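Participant: Right, I'll just put the structure down here and ask away after.
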Amino acid sequence: MAGQLLKETLLKIDHLRKAYGDTVVLKDISLTVHKGEVIVVIGPSGCGKSTLLRCINGLEPIQGGSITLQDKPIDGQSKDIAQIRQKLGMVFQNYELFPHKTVLQNIMLAPLKVQKRDKEEVRQMAEQWLERVGLLDKKDSYPRQLSGGQKQRVAIVRALCMEPEIMLFDEVTAALDPEMVREVLDVILALAKAGRTMVIVTHEMSFARAVADRVLFLDGGEIVEEALPEVFFDHPSTDRAKKFLSTFTYDAVRHHDVPQNY
Amino acid sequence: MLLATLLGLAAAFVQYFKIPVLRQIVKVYIELFRNTPLLIQLFFLYFGLPRVLGISPSPELCGVIGLGLLGGSYMAEAFRSGLEAVDNVQTESALSLGMTRPQALRYVIFPQAAAISMPAFVANIIFLLKETSVFSAISLMDLMFTAKDLIGMYSKTVECLAMLVVFYLIILLPVSILGSVVERRLRRGSFGD
């Protein structure tokens, strides 16, 4: 932990408050993300996890507090928001690839049009990443020709090719069949190993445990618990976290020693 | 046709971006022209305007304006439905890649909306071409007018009417076929199927 204090602070959320009309979604969120850290956000549905990511990306106006990336405020209305968003790679639950463009066009569009980078350089980078996630042979396919897991890997590559400082993952496996979850999570695990800074919202508990440096448990729009993964999953300190974690385990109901006259 | 397309595009954008005031005006315009017959609109332009405003546009101009206004209202609906069919998250996805709003519209939303609007667009073009048949009512020399003329001269009603049908087919079938070819190519180019 002492080593982390020396690391550069990338993202700083300070007393963030987000409400839709009278409904408060995020109450008082403060969070600091250092370079190279992997933060996993978990919590029951409707607790504000996804909203938190959307706020970080400036897709939602906030009602109080502040979010800064490398000391620059993130504000969806400001002029340089597009500039800041280039440093935030967002991956959505439903992939959101552009259906009218091939895999390679999807990946290269923003680096070429937004960052005005050299076409050959971007193509090489894109192909390298596609190779790493095992999809180089799909580079000229259209999104509709890919499986969900393949689409999500393309979406991750698309975000990576913008060379972001932080990757944001919003329940990226929630829409996938179980066997495709693995291929996507393996990509994210590899990114974590390579030292990428990430904020991950997920419902995959064993994955969360494996990938996280810190786990954030969100409930009712506030951070209920913030801990190392081992501590959180083995010895959650709050009742709310215990109750939430228990929803992922099942007690057997068909024991053979159940009395016959039951 | 061009006037109709341009008017339609403008009206669709106003609605899509929910521009205040203009939006209400566009709404009234669309409902007014979609729900009144072209014949009445032409009469109003040709016979009404000279009385009301003291200007008398030529029959040709009346035809173009009338058809343009009517077409615009239909095109507006076609384009608007295309724009609205593109999921809002697509915009967010583009924004999250650092695109500005105009960039997101240009590279992500419009191409998809255009492909979706295409069938309705082609149908409207054909519909507008057919609607020219009422032009004879304001003494414009359209096919119908010519046919009536011929009937009057040679009194061969059936032959002339058959000719008329054939001529409309000659004009419209290619448009129709061209339309479906463009439609298919656009879809393939857009979505890869």
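Participant: List the pairs whose first member sits in the range A:94-109 and is of a type in the set (Lys, Arg), whose second member is open to solvent by 20 Å² or more (accessible area, probe 1.4 Å), and whose Cβ atoms are under 9 Å apart, counting only residues at least 6 apart or on separate chains?
Facilitator: Correct list of pairs: A:LYS101/A:TYR142; A:LYS101/B:TYR107; A:LYS101/B:PRO111.
Participant: Return the total of residues in the range B:79-97 being away from chain A (no Cβ under 14 Å) and either without any contact (Cβ under 8 Å) to a residue 12 or more places away in the chain or within 9 Å of the chain's Cα centre (by Cα) (or both).
Facilitator: The number of residues fulfilling the criteria is 0.
Participant: May I pose another question? Within the range A:181-218, take every residue that is assigned to a strand (DSSP E or B) and not hydrophobic (A, V, I, L, M, F, W, C) and give me the one that is farthest from the chain's Cα centre (by Cα).
Facilitator: Per the stated criteria, the residue is A:ARG214.
Participant: Given the condition open to solvent by less than 60 Å² (accessible area, probe 1.4 Å), within 28 Å of A:GLN86 (Cβ to Cβ), within 12 Å of the chain's Cα centre (by Cα) and not acidic (Asp, Glu), answer yes or no: does some residue in the range A:223-246 qualify?
Facilitator: There is no residue in the range A:223-246 that is open to solvent by less than 60 Å² (accessible area, probe 1.4 Å), within 28 Å of A:GLN86 (Cβ to Cβ), within 12 Å of the chain's Cα centre (by Cα) and not acidic (Asp, Glu).
Participant: Tally time: how many residues in the range A:83-104 are more than 7 Å from every other protein chain (Cβ to nearest Cβ) and of a type in the set (Lys, Arg)?
Facilitator: Qualifying residue count, the range A:83-104: 2.
Participant: Could you list, ordered by first residue, the pairs with Cβ atoms under 8 Å in which the first is in the range B:53-67 and farther than 17 Å from B:PHE33 by Cβ and the second is open to solvent by less than 50 Å² (accessible area, probe 1.4 Å) and at pLDDT 80 or above, at least 6 apart or interchain?
Facilitator: That search, which allows pairs on different chains as well, returns B:PRO57/B:LEU45.
Participant: Please go through the range A:113-134 and give me each residue that is within 14 Å of chain B (Cβ to nearest Cβ) and either surrounded by fewer than 17 Cβ atoms within 10 Å (Cβ to Cβ) or within 18 Å of A:ILE81 (Cα to Cα) (or both), ordered by number. Explain how you work it out, then say what you get.
Facilitator: Here is the first cut: in the range A:113-134, the residues within 14 Å of chain B (Cβ to nearest Cβ) are A:113-117, A:122, A:126.
A:LYS113, A:VAL114, A:GLN115, A:LYS116 - these are the residues of the range A:113-134 that are within 14 Å of chain B (Cβ to nearest Cβ) and either surrounded by fewer than 17 Cβ atoms within 10 Å (Cβ to Cβ) or within 18 Å of A:ILE81 (Cα to Cα) (or both).
Participant: Give the residues of the range A:70-107 that are assigned to a loop (DSSP other than H, G, I, E, B) and among the β-branched types (Val, Ile, Thr), sorted by residue number.
Facilitator: A:ILE74, A:THR102
Participant: Next question, about the same structure. Within the range B:44-57, can one find any residue that is surrounded by fewer than 20 Cβ atoms within 10 Å (Cβ to Cβ) and within 30 Å of A:VAL91 (Cα to Cα)?
Facilitator: no
Participant: Which members of the range A:194-215 meet the condition of being open to solvent by less than 30 Å² (accessible area, probe 1.4 Å) and free of Cβ contacts under 8 Å to residues at least 40 places away in the same chain?
Facilitator: Listed by number, the list holds a single entry, A:PHE207.
Participant: Continuing with this model, one more query. May I ask you to verify whether B:MET144 is in contact with a Phe, Trp or Tyr (Cβ under 9 Å, 6 or more places away or on another chain) and either without any contact (Cβ under 8 Å) to a residue 24 or more places away in the chain or assigned to a helix (DSSP H, G or I) (or both)? Full working, then the answer.
Facilitator: Details: in contact with a Phe, Trp or Tyr (Cβ under 9 Å, 6 or more places away or on another chain): yes; either without any contact (Cβ under 8 Å) to a residue 24 or more places away in the chain or assigned to a helix (DSSP H, G or I) (or both): yes.
When the stated conditions are applied, B:MET144 passes them.
Participant: Being at pLDDT 80 or above and not aromatic (Phe, Trp, Tyr) narrows it down to one residue among B:LEU150, B:LEU140, B:LEU178; which is it?
Facilitator: Matching residue, one of B:LEU150, B:LEU140, B:LEU178: B:LEU178.
Participant: Residues in the range A:135-153 that are away from chain B (no Cβ under 14 Å) and either more than 18 Å from B:SER93 (Cα to Cα) or open to solvent by less than 10 Å² (accessible area, probe 1.4 Å) (or both): how many?
Facilitator: 5
Participant: Would you confirm whether any residue within the range B:47-58 is of a type in the set (Val, Ile, Thr), away from chain A (no Cβ under 14 Å) and outside any helix (DSSP H, G or I)?
Facilitator: yes
Participant: Only one of B:THR100, B:THR157 is facing chain A (nearest Cβ under 10 Å), open to solvent by 40 Å² or more (accessible area, probe 1.4 Å) and either free of Cβ contacts under 8 Å to residues at least 60 places away in the same chain or acidic (Asp, Glu) (or both); which?
Facilitator: B:THR100
Participant: Hey, another quick one. Name the residues in the range A:39-52 that are of a type in the set (A, V, I, L, M, F, W, C) and either over 13 Å from A:LEU11 (Cα atoms) or crowded, with 24+ Cβ neighbours inside 10 Å (or both), would you?
Facilitator: Those that are of a type in the set (A, V, I, L, M, F, W, C) and either over 13 Å from A:LEU11 (Cα atoms) or crowded, with 24+ Cβ neighbours inside 10 Å (or both): A:VAL40, A:VAL41, A:ILE42, A:CYS47, A:LEU52.
Let's see how each residue does on (1) hydrophobic (A, V, I, L, M, F, W, C); (2) in contact (Cβ under 8 Å) with a residue 24 or more places away in the chain:
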residue	(1), (2)
A:VAL154	yes, yes
A:VAL157	yes, yes
A:GLU165	no, yes
A:ASP170	no, yes
A:PRO178	no, no
A:VAL184	yes, yes
A:ALA192	yes, yes
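Participant: Same structure, new question: So B:LEU2 fits all but one of (1) over 27 Å from B:VAL122 (Cβ atoms); (2) among the aliphatic types (A, V, I, L, M); (3) open to solvent by 70 Å² or more (accessible area, probe 1.4 Å); what number is the exception?
Facilitator: So the condition that B:LEU2 fails would be (1).
Participant: Which condition number does A:ALA110 fail, the rest of (1) facing chain B (nearest Cβ under 9 Å); (2) open to solvent by 40 Å² or more (accessible area, probe 1.4 Å) being met?
Facilitator: Every condition holds for A:ALA110 apart from (2).
Participant: For A:ILE156, are the conditions met, namely being among the β-branched types (Val, Ile, Thr) and more than 10 Å from chain B (Cβ to nearest Cβ)?
Facilitator: yes
Participant: Just the residues that are part of a helix (DSSP H, G or I) and aliphatic (A, V, I, L, M), please, taken from the range A:151-176. Lay out the reasoning, then the answer.
Facilitator: Here is the first cut: in the range A:151-176, the ones part of a helix (DSSP H, G or I) are A:151-160.
Correct list: A:VAL154, A:ALA155, A:ILE156, A:VAL157, A:ALA159, A:LEU160.
Participant: It is to be established whether one or more residues within the range A:64-82 are at the interface with chain B (Cβ under 10 Å from one of its Cβ atoms), farther than 20 Å from A:HIS15 by Cβ and surrounded by 17 or more Cβ atoms within 10 Å (Cβ to Cβ).
Facilitator: yes
The values are calculated or read from the model by the stated rules, or taken from the named source; none is laboratory data. This is a predicted model, so every value here is computed, not measured. No Cβ is skipped: glycine too gets one built from the backbone with ideal geometry, and neighbour counts run over all protein chains shown. For accessibility, only protein heavy atoms count, side chains too; no ligands or nucleic acids. Shrake-Rupley method; radii C 1.70, N 1.55, O 1.52, S 1.80 Å.
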